[in-house]
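Below is one structure, written out as structure tokens, with a few remarks after it.
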Amino acid sequence: MQPHVLIVEDEDALSELLQYNLKKEGFRVSVAADGEEALMLVDERQPDVVLLDWMLPKVSGIEVCRRLRSRQETRNLPIIMLTARGEEADRIRGLDTGADDYIIKPFLMKELFARVRAVLRRIRPGLADDKVTVGDIAIDRVAHRVTRNGEDVHLGPTEFRLLDYFMQHPGRVFSREQLLDAVWGSDVYVEARTVDVHVGRLRKALNKHGVNDPIRTVRSAGYALNAD
Ligand code: CA
């Protein structure tokens, strides 16, 4: 699965350079030129990591970061700030606001890729590996196999994709619409309650081999896979 990077940058030349290089490196890319657009895009479809310029028109990078951190759905979204300022006070302020990392302009693409991958590995080990374990659940994407407490869990293809997605974002709450987008694709028309049906099946299959229900239903918000 290609990691999805949202670039938030108002300098066209840098934005284009980032798009070109990130695509070449195998990332899926979307772009916003100001803070307001960035927040809108994240609402529509959550990226895996945000590259966020500090100085932006309309809503500043710091403010975007603060808002993303204050919302439950985006609290753990990896954010790397891009800034031309190198002052220590600003760095600390940025990290206080909740950015995961920092890159000072100008930077080498090589350095940027390394930072992006490091943040993804730390926060979303699911993107980097074929085998992922969350709590007592293990998924092997290559062998298409799921186990809980060492016992095979039999899943249909949709339930497998759902679990795979949850396991890339343990603890994060997804709305039905976000799950539809991520698992079924935004070009397919499926009713939101279809998600409930498949989450129900996934839950039933998982709970045959464990005592705790690993999937949390969050009232009027959606579903999450418990992180431990
Ligand atoms: Ca800027």
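Only residues in region 123-141 that are small (Gly, Ala, Ser) count as the first member; pair them with residues that are surrounded by fewer than 18 Cβ atoms within 10 Å (Cβ to Cβ) and at pLDDT 90 or above, Cβ under 7 angstrom, at least 6 apart or cross-chain, and list the lot.
Partner pairs satisfying both residue conditions: GLY135/ASN226; ALA138/THR147.
Output the residues belonging to region 56-68 that are basic (Lys, Arg) and either within 16 Å of the ligand (Cβ to nearest atom) or touching a Lys or Arg at 6+ places or on another chain (Cβ under 6 Å) (or both). Before the answer, list the steps.
At the first step, the residues of region 56-68 found to be basic (Lys, Arg) are 58, 66-67.
Matches in region 56-68: LYS58 only.
Tell me which residues, restricted to region 192-219, are at pLDDT 85 or above and in a loop (DSSP other than H, G, I, E, B). Let's see the steps before the verdict.
Initial filter on region 192-219 (at pLDDT 85 or above): 193-209, 212-219.
Residues satisfying the conditions are LYS208, HIS209, ASN212, ASP213, PRO214, ARG219.
Quick one: what pairs do we get from region 188-208, first residue assigned by TED's automatic domain parsing to the domain that holds VAL153, second among the polar types (S, T, N, Q), C-beta under 6 Å, 6+ apart or different chains?
HIS198/THR158
If you check every pair at least six apart or on different chains, which have Cβ atoms under 8 Å apart with a residue in region 36-55 that is away from the ligand (no atom under 16 Å from the Cβ) first and a residue that is open to solvent by 20 Å² or more (accessible area, probe 1.4 Å) and modelled with pLDDT of 95 or more second?
Note: pairs meeting the criteria are LEU41/SER30; ARG45/SER30; PRO47/SER30; PRO47/LEU41.
When you go through ARG141, ARG148 one by one, which is the residue that is assigned by TED's automatic domain parsing to the domain that holds ARG216 and over 22 Å from PRO78 (Cβ atoms)? Write out each step before concluding.
Numbers: ARG141 fails: over 22 Å from PRO78 (Cβ atoms).
Just a single option satisfies the conditions, and that option is ARG148.
Quick check on this structure: which one of VAL8, VAL29 is in contact with a Lys or Arg (Cβ under 6 Å, 6 or more places away or on another chain) and either of a type outside the set (D, E, K, R) or away from the ligand (no atom under 12 Å from the Cβ) (or both)? Please lay out each step first, then the result.
Values: VAL8 fails: in contact with a Lys or Arg (Cβ under 6 Å, 6 or more places away or on another chain).
Going through VAL8, VAL29 in turn, the sole match is VAL29.
Looking only at residues in region 69-101 that are within 13 Å of the ligand (Cβ to nearest atom) and at pLDDT 85 or above, which one is surrounded by the fewest Cβ atoms within 10 Å (Cβ to Cβ)? If you could, list the steps in order and put the result at the bottom.
First, the residues of region 69-101 that are within 13 Å of the ligand (Cβ to nearest atom): 81-85.
Cutting the leftovers down to at pLDDT 85 or above gives us 81-82.
Details: MET81: 27, LEU82: 23.
Residue satisfying both the conditions and the ranking: LEU82.
Which of the residues that make up region 11-26 are open to solvent by less than 20 Å² (accessible area, probe 1.4 Å) and away from the ligand (no atom under 16 Å from the Cβ)?
Within region 11-26, the subset open to solvent by less than 20 Å² (accessible area, probe 1.4 Å) is 15, 18, 22.
Result: LEU22, single match.
Since VAL211 meets every condition but one in (1) without any contact (Cβ under 8 Å) to a residue 12 or more places away in the chain; (2) in contact with a Leu (Cβ under 9 Å, 6 or more places away or on another chain); (3) not assigned by TED's automatic domain parsing to the domain that holds GLU44, which condition does it not meet?
(2)
In region 207-228, which residues are open to solvent by 80 Å² or more (accessible area, probe 1.4 Å) and not β-branched (Val, Ile, Thr)? I'd like the intermediate steps shown before the answer.
Kept after step one, since they are open to solvent by 80 Å² or more (accessible area, probe 1.4 Å), are these residues of region 207-228: 208, 211-212, 216, 219-220, 228.
Across region 207-228, the qualifying residues are LYS208, ASN212, ARG216, ARG219, SER220, ASP228.
The values are calculated or read from the model by the stated rules, or taken from the named source; none is laboratory data. Since we're looking at a predicted model, the values are computed, not measured. Cβ: placed from backbone, ideal geometry, glycine included. Neighbour counts: every protein chain shown. Side chains included, ligands, DNA and RNA excluded: accessible areas come from the protein's heavy atoms. Shrake-Rupley method; radii C 1.70, N 1.55, O 1.52, S 1.80 Å.
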